[in-house]
Every structure is written in structure tokens, then in C-alpha cells.
């Protein structure tokens, strides 16, 4: 699919909200200020959970940036799906960010934190994006 996807939402008050997405997935534009995910623990694996600015892997805490938290939220919300670099960039840093290397750096750091201890892996799908999946020893334990 090429070109942006436009979503139009009419609110009860009569106001209209227009959202533009460059992928087949919608992403929020309110970011973590209004997102209910920022007020709950999100389990993304058997021994892995995230909260804003924090990831816990097998009871060991790691500090993560807000964009890294949002990338993990995107992977959690779109489990087993390939997410494009542009989608992750918009989801993590907002639509105005054009520094595509930000995604590469964040994915690299997340891979290092998840490593072999978590039962989760982030794979690069050449020409398409990234996909987070459970490794074979973690399947069926969630």
C-alpha cells in the first residue's frame, strides 16, 4: 500500500480529529501523556515487563528511554507483525522526527537488554522493518 492513510474521527462534541499514518497501522498522536499504558505494567514476555522508563528482565531492572518504551509498546500491541522503520520512528519519536538512525540505535540497545535472558528477540526483516518474537524456549510459557 502506498501513500498515507487518513483516519477521520468525529467526537460527541461535534469536533473532528484527523490522523495521518504512513503505514497500515495507526499510532497515537497524544504520546505518553494521555496513553493509559503509562499507568500500568505491561508484560511482554514470561520474565519481562515494561513501565515508562523501566524494563525488568528476570527481576533485573534497566532504565529505558521514553522512545524505547514506546517501541516496546508497539511490538506488544502488534505482536508477531513486522513494523516498518517509519512506523517505529513515528510511534517512538513523533511524526516530526526525521532522524531514521534513532530507530536503529534504539533497536540495538533493546536487543542488548533483551539478549538471551528474556526469551524475546527482535529480528530485522530486510527491506520491511523489525519483528519481535518469542524464541523457542519461551513459546507456550506466557
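Computed values, structure above
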item	result
Reciprocal of mean inverse Cα separation for the range 37-133 (Kirkwood radius, Å)	13.3
Exposure proxy order (Cβ contacts within 10 Å, fewest to most) of 132, 68, 40	40, 68, 132
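Rule-based calculations on the coordinates, nothing more; no lab input. Just so it is clear, the structure is predicted and the values come from calculations on it, not from any experiment. Neighbour counts are summed over all protein chains in view; Cβ atoms, including those assigned to glycine, are modelled from backbone coordinates with ideal geometry.
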